[in-house]
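Participant: Have a look at this one before I ask anything.
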Amino acid sequence: MRESYCIVTTTVDSEKIADSLAGDAIKQNLAACVQIIPGIVSHYKWQGQLDKTQELLLQFKTTENCVQKLMKYIKISHTYDTPEIIMVRIGEVDPGYGKWIESAVNSDLS
């Protein structure tokens with residue numbers, strides 16, 4: 001059976017936190033690549049109040065087999081009380097890129 005690939009996203013309010021989450025996810029073989037996209041503005045309602053925050057968006061590239069471990073890692077490592085953690089399945093990837101993702105995350109599936 002062919003491996004399924006996913007993108008897991010979260011937002012943070014600090015470059016230091018973004019770098020830490022990205023680096024640790026890669027070191028722990030939970031993601032093959034993490035893109036950090038600065039300069040987004042999130043508008044939302046929190047605890048009954050309208051809010052607006054400058055954030056960074058993180059996109060973790062991983063396999064479906066690693067998604068639950070990655071999402072758990074993000075949740076326990078995140079600084080927000082209720083972090084955004086969203087997983088989207090990727091329909092198709094270039095076969096070479098897919099093999100690279102697999103080799104990066106499957107090197108230590110313990």
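Participant: Give the carbon-plus-sulfur fraction of the accessible surface of the chain in %, rounded to a whole number; probe 1.4 Å, heavy atoms of protein chains only.
Facilitator: 52
Participant: I'd like to check one number: the per residue accessible area of the chain, probe 1.4 Å, reported in Å² as a whole number.
Facilitator: Numbers: 6850 Å² over 110 residues.
On a per-residue basis, 62 Å².
Participant: Taking the Cα centre of each part, how many Å lie between region 3-19 and region 31-103?
Facilitator: Spelled out, the Cα-based centre of one part sits 3 Å from the other.
Participant: Under 16 Å from a label point 7 Å along Cα→Cβ of residue 100: give me every residue in region 58-87 with its amide N that close.
Facilitator: Once the point is set 7 Å along Cα→Cβ of residue 100, 60-63 turn out to lie under 16 Å by backbone N, inside region 58-87.
Participant: How large is ³J(HN,Hα), in whole Hz, for each residue of region 8-24 in order, when computed from phi with the Karplus curve 6.51 cos²θ - 1.76 cosθ + 1.60 and θ = phi - 60°, using x for Gly and Pro?
Facilitator: 10, 10, 8, 10, 9, 10, 8, 5, 4, 5, 4, 4, 5, 4, 5, x, 5
Participant: From the protein chains alone at 1.4 Å, what is the descending order of accessible area for 78, 43, largest first?
Facilitator: Greatest to least solvent exposure: 43, 78.
Participant: Along the charge dipole of the chain, Cβ charges K/R +1 and D/E -1, which of 46, 22, 59 sits furthest on the positive end?
Facilitator: 46
Participant: Place the peptides 30-38, 83-91, 56-64, 11-19 in order of packing, highest mean first, counting for every residue the other Cβ atoms within 10 Å and averaging per peptide.
Facilitator: Highest to lowest by the protection proxy: 56-64, 30-38, 11-19, 83-91.
Participant: As a test of the definition: which semi-axes, in Å, follow for the chain when you take the square root of five times each eigenvalue of its alpha carbon gyration tensor? Largest first, please.
Facilitator: 27, 14, 12
Participant: Mind checking the dipole of the chain: about its Cα centre, +1 per Lys or Arg Cβ, -1 per Asp or Glu Cβ, Debye to the nearest 20?
Facilitator: 160
Participant: Report, in degrees rounded to the nearest 10, the 0 to 90 angle that the Cα long axis of helix 95-105 makes with the longest principal axis of the chain.
Facilitator: 70
Participant: Which residues' amide hydrogens lie under 5 Å from the amide hydrogen of residue 6, considering only partners 5 or more residues apart or on another chain, with H built in the peptide plane?
Facilitator: 62, 63, 64, 90
Participant: Still on this structure, I have one more. Under 14 Å from the 7 Å Cα→Cβ point of residue 79, by amide nitrogen: which residues of region 12-28?
Facilitator: In region 12-28, the label zone of residue 79 (backbone N under 14 Å from the point 7 Å along Cα→Cβ) covers 12-22.
Participant: Using only helices, what value at 222 nm comes out for the chain when you add -39,500 (n - 2.57) per DSSP H run of length 4 or more and divide by the total residues, to the nearest 500 deg cm²/dmol?
Facilitator: Working: 3 runs with 35 residues, N = 110.
Result for the chain, helices only: -10000 deg cm²/dmol.
The values are calculated or read from the model by the stated rules, or taken from the named source; none is laboratory data. Quick caveat, the model's predicted, so the values are computed rather than measured. Methodologically, a virtual Cβ is constructed for each residue, glycine included, from the backbone with ideal geometry; neighbour enumeration extends over all protein chains shown. Protein only, heavy atoms only, side chains kept; ligands, DNA and RNA dropped before computing areas. Shrake-Rupley method; radii C 1.70, N 1.55, O 1.52, S 1.80 Å.
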